[in-house]
Structures are given as structure tokens and as C-alpha cells.
Amino acid sequence: QLFTSQNNSFLRVSALFVRDVAGIPVLNVNATGALPAVYYVRDATRPSVVAFALDMSQGTLTLSFSKTVNASTLVTSGLVLQDGPDVGAAHQHAILSASVPV
């Protein structure tokens, strides 16, 4: 996996990446000499669902998250659609199964 610790956080750079104000390209940092991160802070921020779109004609539910999530960790039983904003909603539908495009 990438970027889960300082031990797997490296950077390589192509001369196409950036130029200085005189137009001189940055020096290459190739794959055999990739730069290690000098500082690493582990991600501790929980993702949140920030929006969703429901297409009843296509039968699709699209969720948007505040950050990148691992789709293989999706547990659909943790998802409920309902007809109101609170726990007293008259109609609720739990999602029992789903396919996740990656």
C-alpha cells in the first residue's frame, strides 16, 4: 500500500513537473532514487458522506465522501434510505446488497 507509514512514502519527480522562474526544469528524481518522506503524519480523520444521488430509473445510488475511501470495505447493511431527516421517518429501506464499481 502507498502512504500508510513513513516506510512506504516516497516521491519521484520528472523534469516536466515544474520549472523555475528562468524556465529551467527541476532535476529528475528517478525511481531508483525516490525521495523518502522526511515527515509523515498518519491519517486520523474519519470520512463522512457529504452527498448522494439516487437514480430510480437506473437503479443506482451514488455516494460522495469527504475523502478517498476503500470501496472493498463497504458494508451495505450500514446504509438505510428513508423518507425523512430523522429516526421517526415513516418509510425506511435498508440496503442489503450492492455492487461497487471501482
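The values are calculated or read from the model by the stated rules, or taken from the named source; none is laboratory data. None of the values given here were measured: they were computed from a predicted structure. Glycine also receives a Cβ, built like all others from the backbone with ideal geometry; neighbour counts cover every protein chain displayed. SASA here: full protein model, heavy atoms, side chains in, ligands and nucleic acids out. Shrake-Rupley method; radii C 1.70, N 1.55, O 1.52, S 1.80 Å.
Within the stretch 41-55, can one find any residue that is over 24 Å from the mean Cα position of the chain (by Cα) and of a type in the set (S, T, N, Q)? Write out each step before concluding.
Residues of the stretch 41-55 that are over 24 Å from the mean Cα position of the chain (by Cα), as a first pass: none.
No, the stretch 41-55 has no match at all.
Which ones in the stretch 1-23 are assigned to a loop (DSSP other than H, G, I, E, B), open to solvent by less than 100 Å² (accessible area, probe 1.4 Å) and of a type outside the set (D, E)? Don't jump to the end; show me each part of the working.
First, the residues of the stretch 1-23 that are assigned to a loop (DSSP other than H, G, I, E, B): 1-5, 9, 12, 14-18, 20-23.
Next, from what is left, pick out any that are open to solvent by less than 100 Å² (accessible area, probe 1.4 Å): 4-5, 9, 14-15, 18, 20, 22-23.
Result: T4, S5, S9, S14, A15, V18, A22, G23.
Pick from the stretch 47-63 the residues that are of a type in the set (A, V, I, L, M, F, W, C) and within 30 Å of T4 (Cβ to Cβ): which of them is most open to solvent (accessible area, probe 1.4 Å)?
F52
Considering only the stretch 9-38, state which residues are under 26 Å from the mean Cα position of the chain (by Cα) and at pLDDT below 95.
A31 - this is the single residue of the stretch 9-38 that is under 26 Å from the mean Cα position of the chain (by Cα) and at pLDDT below 95.
Cβ-Cβ distance below 7 Å, separation of 6 or more or different chains: which pairs start in the stretch 1-25 with a residue that is under 25 Å from T68 (Cα atoms) and end on one that is open to solvent by 100 Å² or more (accessible area, probe 1.4 Å)?
Note: pairs meeting the criteria are N8/Q1; N8/L2; S9/F3; V13/N28.
Out of A98, A89, which single residue is assigned to a loop (DSSP other than H, G, I, E, B), open to solvent by less than 60 Å² (accessible area, probe 1.4 Å) and not β-branched (V, I, T)?
Values: A98 fails: open to solvent by less than 60 Å² (accessible area, probe 1.4 Å).
Exactly one residue qualifies, and that residue is A89.
Can you tell which of S72, S66 is under 30 Å from S97 (Cα atoms) and surrounded by 12 or more Cβ atoms within 10 Å (Cβ to Cβ)?
On inspection, the qualifying residue turns out to be S66.
Taking the stretch 24-46 as the region of interest, how many residues are small (G, A, S) and exposed (fewer than 10 other Cβ atoms within 10 Å of the Cβ)?
Qualifying residue count for the region: 3.
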